[in-house]
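Peer 1: First the structure, which I've put down as structure tokens, then a few questions once you've had a look.
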Amino acid sequence: MNIELQICGLAVLIIFFIFIERDRKLNVKNRRLFVAAFIICIICLVFDIVSIVCIHEAVYNGFSPVLTRAVCKVYIMLLVTQGYCGFLYGCLDLTVQFRYKVIRALALVLYVIGEILIIVLPIEYHMDGRIVYSYGAANLCTYALAIFYISFTLYLTFKHKKDISHRRLVALFTWQGLWLVAALIQFFSKETLLVGFAAAVGMVVLYSQLENPNEHIDRVTGLFTQNALSLFLMDKYKYREPFAFYTAKIKYLAPFTELDIKNDAVIRSARAFLELGDEPVFRINDDMFCIIYESGDRAYDKLMEIKARADGVTGMPVEAKFIYCPDGTLLSGVDDVFNFIHCYEDSAEDIVICDQVLIDRMLHRRKIYNLIENALKDDRVRIYYQPIYNVKKGRFTSAEALVRIENEDGTMVSPAEFIPIAEENGQIIVLGMRIFRKVCELLATGELQRLGIENVEVNVSAAQFDHENPAGFVTEYVDEYNLDPANINLEITETADNDLKHLLLLNMEKLIRLGVTFSLDDFGTGRSNLDYFVSMPARNVKFDLGFTQGYFTNSKIRDVMRGMVNIAHDMDMKIVSEGVETGEQYEEMVKLGVDYIQGYYFSRPVPEGELIEFLKAGT
Ligand code: C2E
Ligand code: CA
Ligand code: CA
């Protein structure tokens with residue numbers, strides 16, 4: 001009997017099916033449809049074989065022709081079902097949009113009508129040696145439908161090839177193409193019963209290329225990977241299914257714990273998460289897990305359960321930090337979920353609860369992040385300069401460089417909006433280098449020096465002096481632009497981080513030897529205090545704006561400032577008063593004995609062209 005190929009196909013499918021069933025499954029729609037298509041393919045092959053056996057028995061051994069026809073009909077009905085499933089699976093990514101909902105509904109109507117027609121239309125069979133086939137109106141109907149589904153799937157895939165990954169495209173084309181070629185061969189060479197086998201090979205292609213779950217399994221823990229989480233969440237958002245989640249970030253015993261110990265901690269934690277319930281567990285980072293739940297309440301209960309374990313004795317070997325999100329739909333999509341996690345994974349609290357306030361903050365940070373990235377890319381970082389008056393010399397001998405970002409519409413964004421965020425997310429390193437380069441470019445023209453400016457004050461954050469490149473960018477640019485280091489004064493503020501403070505000191509000493517000077521910025525605020533004043537080798541101390549203005553309203557501040565001026569002078573340091581806005585304030589500051597005065601009284605921060613005009617007008 002001509003059933004060898006079908007039996008081979010069936011064997012291959014069954015073996016693969018056992019593997020598919022054994023896999024840890026990610027419950028997404030794609031996957032469910034794939035498994036459905038796979039099962040239908042198996043049943044279809046079984047009926048393919050059974051129908052040939054029946055025809056054989058009917059022709060040679062008097063088996064019931066009515067039953068034989070019925071079996072043949074079931075077989076071709078299954079073929080149509082397979083075509084329909086293939087269509088659904090192939091177009092899944094496209095079918096959410098409205099238009100495709102209509103197309104999908106049409107395909108379903110066509111499917112139902114087709115199946116009814118097959119039931120009512122006549123079918124005949126033929127057997128002559130190895131040539132076996134059925135024919136008749138029911139068969140014609142099957143051909144028409146199968147060709148419709150295959151060509152429509154191919155057409156839609158091709159039409160949307162830009163939205164579909166290359167890999168998916170190739171797999172879908174191979175699968176559907178195999179079918180088409182097999183059907184054609186079988187049509188012209190009636191004894192080559194290829195269709196069933198081709199369908200089986202097609203399923204294997206799909207499995208290996210698109211549905212292989214091992215790509216989504218982490219090798220160390222056997223949990224799902226971050227990619228798997230993306231896919232899973234995409235499904236949730238696409239089909240608007242509610243979900244909740246929490247992440248757990250393991251706090252290692254020490255930052256440089258050995259890999260073995262880390263892996264052990266990770267594996268044991270993974271096991272503890274799996275024991276919590278049936279929900280999918282993802283390892284989304286070296287030391288971070290995420291578990292998705294159907295409801296916020298259950299997520300919360302489970303979070304408490306695992307936290308109790310972490311704090312207590314069993315299961316989790318080390319402590320963890322959690323982010324708990326009771327309602328995933330608060331976040332607008334997969335990107336937001338990951339952004340939220342990254343934004344808060346290192347926050348100080350042990351459990352961060354995702355609410356609208358935190359989401360808005362995250363979105364704002366994201367917006368600022370993009371603002372800075374784009375400004376760096378499109379060269380929209382601008383430096384404004386505010387002249388600083390030297391009381392003793394009676395003229396402007398210095399200017400502070402203050403950064404702005406120019407919006408596309410020409411308006412300026414204040415540094416108060418983006419500098420704190422850049423300090424947090426590390427962008428300050430690149431941004432700070434850009435600012436410094438721009439200042440160096442201006443100094444290199446020599447224009448300011450000719451107008452009596454002895455140095456430009458540049459604000460730097462402690463984070464700009466990192467480990468790898470001590471004082472690197474400053475010395476590099478000073479060399480590159482061939483500047484006198486004495487033209488540069490760096491303004492620093494306090495940092496709470498002791499390691500950074502240590503690095504900052506090292507860098508300062510190196511730069512001071514070179515000839516660069518330092519100012520202690522924002523004195524009198526939380527950002528700079530007495531401890532800094534004593535421990536930092538700065539040449540100037542800048543009285544903060546609030547401090548300067550407090551002089552006129554608060555007698556205690558007045559006393560402190562008087563004392564500070566004396567101490568600073570005793571220590572050979574100079575005092576700069578910021579935020580001087582009126583003539584009266586100016587007079588008072590001069591009387592107090594400050595050395596430099598900066599403020600709106602003289603000038604607001606202005607672009608370099610205006611600064612040059614301002615200085616020219618004054619000389
Ligand atoms: P800051 O270093 O204390 O800079 C002085 C701020 O006071 C500037 O605000 C300046 O425009 C403002 N100011 C000057 N005179 C007066 C006055 O008479 N009255 C009032 N009300 N304000 C006055 P700006 O330019 O908005 O900068 C804000 C902060 O952003 C700066 O405070 C500094 O901490 C940071 N920043 C600015 N540029 C840079 C930079 O290039 N790098 C770094 N790391 N931080 C910067
Ligand atoms: Ca400053
Ligand atoms: Ca300041």
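Readers should treat all values here as calculations from the given coordinates under stated rules, not as data from a laboratory. Since we're looking at a predicted model, the values are computed, not measured. Here the Cβ positions follow ideal geometry from the backbone for every residue, glycine too, while neighbour counts run over all protein chains shown.
Peer 1: Within a 10 angstrom radius of the beta carbon, how do 64, 577, 555, 603 rank from fewest other beta carbons to most?
Peer 2: 555, 64, 603, 577
Peer 1: Hey, another quick one. Fewest Cβ neighbours within 10 Å first, please rank 382, 562 accordingly.
Peer 2: Sorted ascending by nearby Cβ count, the order is 562, 382.
Peer 1: Would you please classify the overall shape of the stretch 426-559 from the alpha carbon gyration tensor, given that a ≥ b ≥ c denote the square roots of the eigenvalues, rounded means a/c under 1.5, and beyond that prolate means a/b larger than b/c while oblate covers the rest?
Peer 2: Cα axes put the stretch 426-559 in the oblate bin.
Peer 1: Then there is this: In the P(r) worked out for the stretch 381-618, what percent of Cα pairs fall beyond 32 Å?
Peer 2: 16
Peer 1: For residue 147 and residue 188 in the same chain, what is the full-extension length gain: residue separation times 0.36 nm, less their Cα-Cα distance, in nm?
Peer 2: Using 0.36 nm per residue and subtracting the Cα-Cα distance, I get 13.2 nm.
Peer 1: Related question: What residues qualify as long-range amide H neighbours of residue 276, i.e. H under 5 Å apart, gap of 5 or more or another chain, H built at 1.01 Å from N?
Peer 2: When sequence neighbours closer than 5 places are left aside, there are no close amide H contacts.
Peer 1: Please report how far the C-alpha centroid of the stretch 19-91 lies from that of the stretch 95-146, rounded to the nearest whole angstrom.
Peer 2: Here the two parts' Cα centres lie 13 Å apart.
Peer 1: Mind giving me the nanometre distance, one decimal, between the label points for residue 162 and residue 502, set 7 Å out from Cα along Cα→Cβ?
Peer 2: Taking the simple label geometry, residue 162 and residue 502 are separated by 5.5 nm.
Peer 1: Net charge around residue 193, counting only other residues with Cβ within less than 10 Å of its Cβ (Lys, Arg = +1; Asp, Glu = -1)?
Peer 2: Result for the local shell: -1.
Peer 1: Work out the count of Lys pairs in the stretch 245-401 where the Cα-Cα distance is under 15 Å, with the pair 8 or more places apart or on different chains.
Peer 2: So the count works out to 8.
Peer 1: For an R0 of 60 angstrom, estimate the FRET efficiency from the Cβ-Cβ distance between residue 4 and residue 327 and round to the nearest 0.05.
Peer 2: Efficiency, rounded to the nearest 0.05: 0.60.
Peer 1: To continue, here is another question. Taking the Cα centre of the stretch 381-618 as origin and charging only Cβ (+1 Lys, Arg; -1 Asp, Glu), how large is the dipole, in debye to the nearest 20?
Peer 2: 760
Peer 1: Hey, for a label at residue 169 modelled as a point 7 Å past Cα toward Cβ, could you say which residues of the stretch 52-94 have their backbone N under 19 Å away?
Peer 2: Answer for the stretch 52-94: 90-94.
Peer 1: Whole angstrom only: what separates the Cα centroid of the stretch 152-166 from the Cα centroid of the stretch 348-392?
Peer 2: 41
Peer 1: So, R0 is 51 Å and r is the distance between the beta-carbons of residue 450 and residue 361; what FRET efficiency does that work out to, to 0.05?
Peer 2: Calculated value: 0.60.
Peer 1: Moving on. Sorted from fewest to most neighbouring beta carbons within 10 Å, what does the list 398, 165 look like?
Peer 2: Fewest to most other Cβ atoms nearby, the residues stand as 165, 398.
Peer 1: Say each of residue 581 and residue 539 gets a label point 7 Å from the Cα, pointing the same way as Cα to Cβ; how far apart are those two points in nm?
Peer 2: 3.1
Peer 1: Tell me whether the stretch 509-617 comes out rounded, prolate or oblate; compute the Cα gyration tensor, take square roots of the eigenvalues as a ≥ b ≥ c, and use a/c under 1.5 as the rounded threshold.
Peer 2: oblate
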